[in-house]
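Notes follow once the structure below has been shown.
Laboratory data are not the source of any read-out in this text; all were calculated from the coordinates shown. Quick caveat, the model's predicted, so the values are computed rather than measured. Glycine gets a Cβ as well: all are built from the backbone with ideal geometry, and neighbour counts include every protein chain shown.
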Amino acid sequence: MREGAAALAEDLPSRRWFGGKSRTVIAVAPVDHAAVPGTRGVLAIFRIEFTDPPAASYCIPLLAAARPGREPPGDALDDPAFCAALVDHMRAGSALGGRAGTFRFRATAGLGEMLPETPAIAARIKGEQSNTSVVFGERAVLKIYRRLEPGPNPELEITEFLTRETPLRVAPRLGGAIEYEHAGGEATTLATLHAFVPNRGDAWSAFAARLGEYFAAAVTGREGGGVDPDRARSLAEADAAEARALGALTGTLHMALAGATAAALAPERIAAVDVARWQEAFAVGLGGSLAALGGGLDALPTDSRELARRVLEAAPALRDAGRALEALVAEPVDKIRVHGDYHLGQVLCTADGFVVVDFEGEPVRPLAERRARACALKDVAGMLRSFTYAARAAALRAAEVANDAGLADRLGPAARAWEARAREAFVGGYLAETAARGARFLPGAEGARDRLLRAFELDKAAYEVGYEIAHRPGWVRIPLEALLDAAAAPAAPGALAPRPADQAFAFVACLELREFVGARAEDERQLADLIEQVPLDSIYYHTHGFFLRHKFLSGLYPNDFASWVAVQLRDQTLGERLAMVDPAEFASLDDLREALAGTIDDHLRRLPSAPRIVSAEPFDFVRSRIVEVPAGPLVRTLEEFRQALLDVDASAIYFHVVEARLRLGRGQNDFAEWIERALGLAALAARVRALNPYTGSLERTRTRLLQLCDDALAAGGGR
């Protein structure tokens with residue numbers, strides 16, 4: 001090992017995974033090692049000393065030299081036999097003794113399915129930055145963590161929980177792990193084995209490719225043709241649908257993590273000390289980025305210097321953003337384990353949707369920080385910043401390819417419109433799976449969520465400034481623009497899902513994709529019991545969603561429960577009582593569920609026995625997913641809004657009035673929000689907001705909306 005250590009001192013700076021390239025290595029010392037039986041390879045840990053502290057430990061498996069003394073040891077991960085042997089030792093649960101500790105191998109129940117036999121094909125993944133991964137015949141991926149710290153890697157903890165404790169497939173299943181143990185210390189994760197996920201690449205690459213086509217349709221035109229605004233809108237809506245699906249997946253992931261019970265993963269209540277610590281970290285990060293910006297001002301690209309000066313002038317407003325975190329202790333809110341480095345590059349596009357990968361957290365952060373519980377909005381902010389980067393970076397690349405310095409600015413409005421729609425859709429999908437389900441890791445008030453998200457985005461943008469100055473000065477304008485936007489004004493209600501910058505309104509219709517949840521009631525007692533057990537989105541489907549399926553007449557029984565009880569069981573008394581449960585009166589689906597079950601329970605206590613089905617159909621519980629569909633041109637005035645309202649499908653009324661309020665977590669209907677914010681018609685917005693679609697049908701709601709618009713136009717409000 002000492003011979004290997006001497007060779008490594010010269011070789012390390014050339015390794016992609018070595019994180020100390022900017023520091024001077026003065027010594028490489030072996031910490032521990034163990035030969036892997038049946039191979040020429042050795043699992044080895046080395047301590048790297050630098051001229052400036054601290055030192056660092058690295059996992060560097062070595063392959064014994066063919067001619068010892070004449071050539072340095074090779075990289076064992078280049079040897080397929082060595083990599084295959086590591087998997088076999090996981091399968092066997094081996095323990096290899098080192099000089100100071102033990103290298104332990106373990107497997108999950110899924111390893112046999114991933115790799116039923118010793119893998120014959122092994123290939124290293126090219127281009128990795130901080131670790132080394134080996135793929136076994138598109139069945140499993142072995143990842144060696146190079147930079148080591150005592151304690152379990154977050155990727156091992158989180159994916160093991162998701163694999164063992166949940167049926168979800170939001171992340172690759174864990175097959176096994178290698179850990180190093182020594183007396184008196186925590187086990188250190190050296191490697192993990194996960195199922196290979198067949199994919200079409202990451203979401204960053206997918207969105208970047210489609211943005212080029214979007215820009216061509218929206219602004220630059222194509223060969224043999226000009227711009228095509230309708231196609232541009234269609235492309236933007238298709239991307240928004242993908243963003244919404246990704247938001248829903250993110251919400252599903254967070255809800256799963258919030259359900260963990262193990263000591264290292266279970267949610268905890270956010271305390272004042274947490275907020276103080278996070279605020280301090282915000283201030284330190286922002287201060288460092290502003291210092292780097294001031295020190296490197298003259299070296300920035302010309303088009304970024306003025307932006308940088310304005311950011312430096314706005315420093316007081318930026319420093320004040322951290323106060324928004326105080327909302328996390330104003331009401332009970334949980335902190336949970338999160339991804340920690342969430343962006344489009346960490347998401348794989350598959351035939352069935354998306355899969356999230358790389359749960360290590362930000363590699364530059366200490367392990368304790370990467371394992372710490374956090375506010376879930378940290379992940380949301382990271383992904384929203386990634387959508388911003390995708391749009392702005394695509395515009396910069398287009399300008400570079402066209403050798404047209406002004407093209408990026410001309411693409412700006414189209415980029416902002418795409419970004420806003422994608423952000424809105426992502427947040428809508430996320431809130432549908434979290435806030436609408438009573439997630440305890442989010443503040444209940446929409447305004448508080450808005451301000452918190454703005455703070456987390458600002459923190460991320462501050463980090464991006466320092467990164468871009470050091471690595472990509474040509475892109476520093478992207479986070480600088482974000483900081484200026486953040487400093488301009490506090491987030492207004494609705495900022496969590498902003499509309500396009502031109503204040504236009506885009507009507508969205510919708511389709512239902514239905515799914516039987518596997519629950520069936522045959523009498524009122526079963527109905528009450530299952531109402532308390534089925535997923536909340538099934539409660540939503542049978543109450544709120546009722547109006548989407550009955551567009552013209554809601555009928556005497558305006559929810560599926562009331563209708564079934566009255567028609568199939570012929571219990572008009574309970575049917576009428578359930579019909580009186582108005583979904584609009586409940587702030588959460590949990591409250592609505594409780595009211596429905598309580599109404600049935602109270603009714604049954606008055607009866608000698610529960611009515612049963614005689615010759616009719618049982619009640620099947622169903623849930624649905626909403627697919628968004630563009631429903632018309634953008635509108636910018638009240639007159640245009642009224643005209644479009646005449647023509648759009650009734651499902652657009654449902655989407656913007658019913659779906660937006662609760663399942664999308666906006667707290668009010670989209671029409672009222674846009675009329676007040678974009679048109680400044682507060683009185684009309686208040687009347688629109690007061691509409692209760694549950695007292696009639698969607699078509700009746702359309703008629704009432706048209707009348708309100710006509711009244712405002714007659715009074716001179718159409719501007």
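Listed peptides 649-660, 296-307 appear in the order 649-660, 296-307 once ranked by packing, highest mean of other Cβ atoms within 10 Å at the front. Ranked by the mean number of other Cβ atoms within 10 Å per residue, highest first, peptides 240-251, 622-633 order as 240-251, 622-633.
Multiplying the residue separation of Ala682 and Glu213 by 0.36 nm and removing their Cα-Cα distance gives an extension gain of 165.0 nm. Across segment 219-319, C-alpha contacts under 8 Å between residues 6 or more apart give a mean separation that, scaled by the residue count, equals a relative contact order of 12 percent. With a Förster radius of 41 Å applied to the C-beta separation of Glu280 and Met580, the computed FRET efficiency comes to 0.20. Summing charges over neighbours of Pro80, with a neighbour being any other residue whose Cβ is under 13 Å away from its Cβ, gives -2 when K and R count +1 and D and E count -1. For the chain, the longest principal axis of the C-alpha atoms and the axis of helix 2-11 are separated by about 60°. Can you work out the FRET efficiency for the pair Gln707 and Arg549, with r the C-beta to C-beta distance and R0 = 30 Å, to the nearest 0.05? Here the calculated transfer efficiency is 0.75. A dipole drawn for the chain from +1 and -1 charges on Cβ atoms has a positive end, and of Trp564, Ser133, Gly429 the residue lying farthest that way is Ser133.
Peptide packing for 401-408, 213-220, 515-522 was compared via the average number of neighbouring C-beta atoms within 10 Å per residue; ordered from the highest value, the list is 213-220, 515-522, 401-408.
Were the residues from Ala120 through Asn199 laid out at 0.36 nm apart, the gain over their Cα-Cα distance would be 26.3 nm. Helix 302-313 axis versus longest C-alpha principal axis of the chain: approximately 70°, rounded to the nearest ten. Charges were assigned to the Cβ only: +1 to each Lys and Arg, -1 to each Asp and Glu. The resulting dipole of the chain about its Cα centre is roughly 660 debye. How would you classify segment 203-488 from its alpha-carbon gyration tensor, with a ≥ b ≥ c the square roots of the eigenvalues: rounded for a/c under 1.5, else prolate if a/b is greater than b/c, otherwise oblate? Since a/c reaches 1.5 but b/c is at least a/b, the shape of segment 203-488 is classed as oblate. The magnitude of the dipole of segment 2-195, with charges of +1 and -1 set on the Cβ of Lys/Arg and Asp/Glu and taken from the Cα centre, is near 260 debye. Computed per residue of the chain from DSSP H runs no shorter than four, each worth -39500 (n - 2.57), the mean residue ellipticity at 222 nm is -14000 deg cm²/dmol. In terms of the Cα gyration tensor, with a ≥ b ≥ c the square roots of its eigenvalues, is segment 2-195 rounded because a/c is under 1.5, prolate because a/b exceeds b/c, or oblate? Taking the square roots of the gyration eigenvalues as a ≥ b ≥ c, segment 2-195 is prolate. Treating r as the C-beta distance of Ala330 and Ala238 and R0 as 30 Å, the FRET efficiency rounds to 0.15.
Our estimate of slack between Glu640 and Ala402, defined as 0.36 nm per intervening residue step minus the Cα-Cα distance, is 82.0 nm.
Across the chain, the relative contact order, built from alpha-carbon pairs under 8 Å that are at least six residues apart, equals 10 percent. Partner lysines whose Cα lies under 26 Å from the Cα of Lys21, excluding those fewer than 8 positions away in the same chain, are identified as Lys126, Lys143, Lys460. Report, in degrees rounded to the nearest 10, the 0 to 90 angle that the Cα long axis of helix 407-433 makes with the longest principal axis of the chain. Computed tilt is about 80 degrees.
In this simple spin-label approximation, Arg231 and Ala266 carry label points 7 Å from Cα along the Cα→Cβ vector, and these lie 5.7 nm apart. For segment 203-488, averaging the sequence separation of C-alpha pairs within contact (under 8 Å, six or more residues apart) and dividing by the residue count gives a relative contact order of 31 percent. Specify whether the C-alpha gyration tensor of segment 210-368 places it in the rounded, prolate or oblate class, a ≥ b ≥ c being the square roots of the eigenvalues: rounded for a/c under 1.5, otherwise prolate if a/b is larger than b/c and oblate if not. It is oblate, given that a/c is not under 1.5 and a/b is not larger than b/c.
Placing unit charges on the Cβ atoms of the charged side chains and taking the dipole of the chain about its Cα centre, the candidate lying farthest along the positive direction among Leu698, Ala420, Gly98 is Gly98.
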